[in-house]
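Here the structure comes first, spelled out in structure tokens, and everything after it is commentary.
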Amino acid sequence: SIPFRVSVGDVAPGVHRAVLRLDYVAQSGGPGARLVEEYYVELRVVDEGLAFEVVSSGWVEGSVEPGTYGALLHVVIRNNYVDGASGLFLELRLPEGFTSSIDNSSVARVPPSSPQVIQALATGGRQAVGAIAQLLQQAPATATYSRGSILDFVVPLNVLVNTTGTYRAEALLHYVDQWGTPRSCRLGVPIPVLGSVRYISVDLGGGTVRVT
């Protein structure tokens, strides 16, 4: 086993071929024999932009309508091939009509949430936005995520748009890789605003009952 420390410069992603040349003396009696062998070694360089991908995004409470304050957007991201990602946080640049419930800005930054936090939010909803906002700022105990890990991010948002539809936020996932290099992966996060049913009209054969 022979370790080599290699720096990867400005090269295209893909498989690059290197030549490994072995020059040694085989002790076979007498002065020995010098042998030279050459092998091809594959060096795989992955695309940093594909290191993570968005699996899904939706609201913890279900469907959200325009004019909602403190709605909790749940974004699920998968680590595709970073062997050891640490120090992660998601920077979400919100489209017009959305603001962060934490500081009312157009940029939200949150660390990954633990499964316990996700479960608590699913049962508590947005009734305690202040406590939830503090909870979301706490990083989970597991600080390093291996290849194939699923990461949960919960972003408290104010939905101030006037119409329903699916909006798109530009996001940067910041992390430190297994070699200690800070990196960022650009992602697109859909934000669905589908509205809700406020009234249900039931026709009872001549009379109408309106239930709110």
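Just so it is clear, none of the values below were taken in a lab; they were calculated from the coordinates. The structure displayed is predicted, hence computed values, not measured ones. So basically every Cβ, Gly included, is an ideal-geometry build from the backbone, and we count neighbours across all protein chains shown.
Please compute the length gained on full extension between E170 and D103, using 0.36 nm multiplied by the number of residues separating them and subtracting their Cα-Cα distance.
Stretched fully, the E170-D103 segment lengthens by 22.3 nm.
Please list 3J(HN,Hα) in residue order for the range 54-68, calculated via the Karplus relation 6.51 cos²θ - 1.76 cosθ + 1.60 where θ = phi - 60°; whole Hz, with x for glycine and proline.
7, 7, 7, 8, x, 9, 4, 7, x, 5, 10, 10, x, x, 9
If R0 is 25 Å, what FRET efficiency do you get for I2 and S146 from their C-beta distance, rounded to 0.05? The partial results should precede the final answer.
Working: r = 26 Å, r/R0 = 1.04.
The value I calculate is 0.45.
Show the residues, 5+ positions off or on another chain, whose built amide H is closer than 5 Å to the amide H of S149.
HN-HN under 5 Å from S149: N79.
For V161, enumerate residues with amide H under 5 Å from its amide H, sequence gap 5+ or separate chain, H modeled in the peptide plane.
G67
Scan around Q178 for amide H atoms under 5 Å from its own, H built in the peptide plane at 1.01 Å from N, and keep only partners 5 or more places away or cross-chain.
When sequence neighbours closer than 5 places are left aside, the close amide H contacts are D83, G84.
Would you tally the net charge around G14, using a Cβ to Cβ cut-off of less than 12 Å, leaving G14 out, and scoring K and R as +1, D and E as -1?
Details: positive: R17, R44; negative: E42, D47.
Value of the local net charge: 0.
Convert each backbone phi in the range 178-191 into a coupling constant with the Karplus relation 6.51 cos²θ - 1.76 cosθ + 1.60 (shift: θ = phi - 60°), then list the ³J(HN,Hα) values in order as whole Hz, x for Gly and Pro.
Result, ordered by residue: 5, 9, x, 9, x, 9, 9, 10, 7, 9, x, 10, x, 10 Hz.
Spelling out what I want: for every residue of the range 106-113, take phi, set θ = phi - 60°, compute 6.51 cos²θ - 1.76 cosθ + 1.60 (Karplus), and round to whole Hz; glycine and proline get x.
Along the range 106-113, the couplings run 8, 10, 10, 10, 9, x, x, 9 Hz.
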